[in-house]
Each structure stands twice: as structure tokens, then as C-alpha cells.
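Heads up, the thing below is written out as C-alpha cells.
The values are calculated or read from the model by the stated rules, or taken from the named source; none is laboratory data. Just so we're clear, the structure is a prediction, and the values are computed from it rather than from any experiment. Positions of Cβ are backbone-derived with ideal geometry, glycine not excepted, and every protein chain shown enters the neighbour counts. Areas reflect the complete protein model, heavy atoms only, side chains present, ligands, DNA and RNA absent. Shrake-Rupley method; radii C 1.70, N 1.55, O 1.52, S 1.80 Å.
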Amino acid sequence: LVSRSLRAEVLDRAVEEARFSVGVLAEERLGETVAPGDIGASGLADDLERRDIDVYVDLDEGEDYVSSLSVATAPEIVSSEVLKVLEAGNVAAEWLEIEDVPYLVVAARMPPSGPDFYFFTDSSDVDSALGQLRVVLLGASVVLVLAAGLAGWRMARLAGSLADTVDEL
């Protein structure tokens with residue numbers, strides 16, 4: 001439940017950021033056709049960097065825009081389902097592992113026909129927190145089992161003592 005809740009929270013936030021970045025920032029600052037230099041010149045790259053967002057922009061012209069994340073080509077690492085949802089003009093998301101780092105990838109298309117933006121959110125903090133929670137829950141479970149065993153042993157001794165007392169009476 002905690003895992004689902006944390007992942008849902010990260011997903012909701014990432015999707016909302018993607019919608020804002022594409023639907024508001026990109027539409028305000030970019031024209032109908034976008035070249036790699038336009039993203040930096042418009043200030044969009046700086047805004048995304050300030051918000052600590054790694055982005056890959058598929059410009060369909062050979063030279064794509066990539067922020068600090070080293071991704072060869074985002075459309076090749078996401079699933080075909082994500083590409084289908086993106087092709088339909090909707091926002092799509094997928095959990096991936098890139099170079100042993102877990103990421104949430106959110107893809108959105110700038111209306112009406114592109115370019116496609118792929119936003120990468122490092123989810124290692126969520127995985128780390130869930131790992132720590134697992135360790136704590138495992139430790140608590142061991143303590144509860146030991147406490148229950150000790151309580152059962154103590155109750156058995158008391159029952160035995162009570163049985164001896166009843167026999168004497």
C-alpha cells in the first residue's frame with residue numbers, strides 16, 4: 001500500500017509537471033517548428049533545469065535535444081504502448097531502469113503534432129525509502145514473533161503453575 005501510494009504520488013506530480021512544461025511553457029516559448037537551439041534560446045531549457053527535470057525532446061529532424069541525462073534516444077527505450085498513447089496525443093508514463101537507476105518516464109506531445117517530450121524523474125529516492133521501510137517492517141515482525149513466543153512460553157509456565165496449585169488444593 002505504501003509503495004503504491006508513493007509511486008502514485010510521484011506519477012501524479014511528474015504527469016502534472018509534464019503537462020505544464022509542454023502545455024504551458026513549451027507552447028508559450030516555441031514556434032510551430034522547433035530546432036535544438038530553440039529550446040535553449042527560448043529559456044525553456046533553463047526553466048526545466050531549475051526545476052531539476054531531465055528531458056529528451058524528439059525533434060524528428062535527426063538532432064534531438066537532450067538535457068543532462070545521457071539517453072541515447074528516448075523513443076527507443078520506452079515501450080511501444082507508451083509510443084501508441086503518445087501518438088494518440090495523450091500523456092503516457094512508464095517506470096524504467098536506466099544504467100541501474102530507476103526512472104519514471106513521462107512522455108507528452110506538444111500540440112498539434114510535436115515535438116515529443118520525454119521527462120525523466122529519478123525515482124531512486126522512492127525505491128530507497130521503500131527499501132528502508134521493508135527493513136523496518138521485517139525487524140518489527142521479528143520482534144513481534146519473539147515477543148509472542150516469549151509471551152506464549154510465559155503463559156504456559158503460568159498455566160503449569162496454576163495446574164499445580166489446583167492439584168494441591
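The residues of the chain have, on average, 63 Å² of accessible surface per residue, using a 1.4 Å probe with all protein chains present.
Counting only DSSP H runs of at least 4 residues, each contributing -39500 (n - 2.57), and dividing by the residue count of the chain, the helix-based mean residue ellipticity at 222 nm comes to -17000 deg cm²/dmol. From the alpha carbon centroid of the range 1-39 to that of the range 94-169 is 31 Å.
For the chain, the longest principal axis of the C-alpha atoms and the axis of helix 2-20 are separated by about 10°.
Accessible surface of the chain, 1.4 Å probe: 55 percent of it comes from carbon and sulfur atoms. With 0.36 nm allotted per residue and the present C-alpha distance subtracted, the Arg19-Ala159 stretch has 43.8 nm of extension available. Extending 7 Å from the Cα toward the beta-carbon at both Glu97 and Glu81 defines two label points whose distance is 1.8 nm.
Per-peptide packing, taken as the mean over residues of other Cβ atoms within 10 Å, places 105-112, 11-18, 73-80, 155-162 in the sequence 105-112, 11-18, 73-80, 155-162 from highest down.
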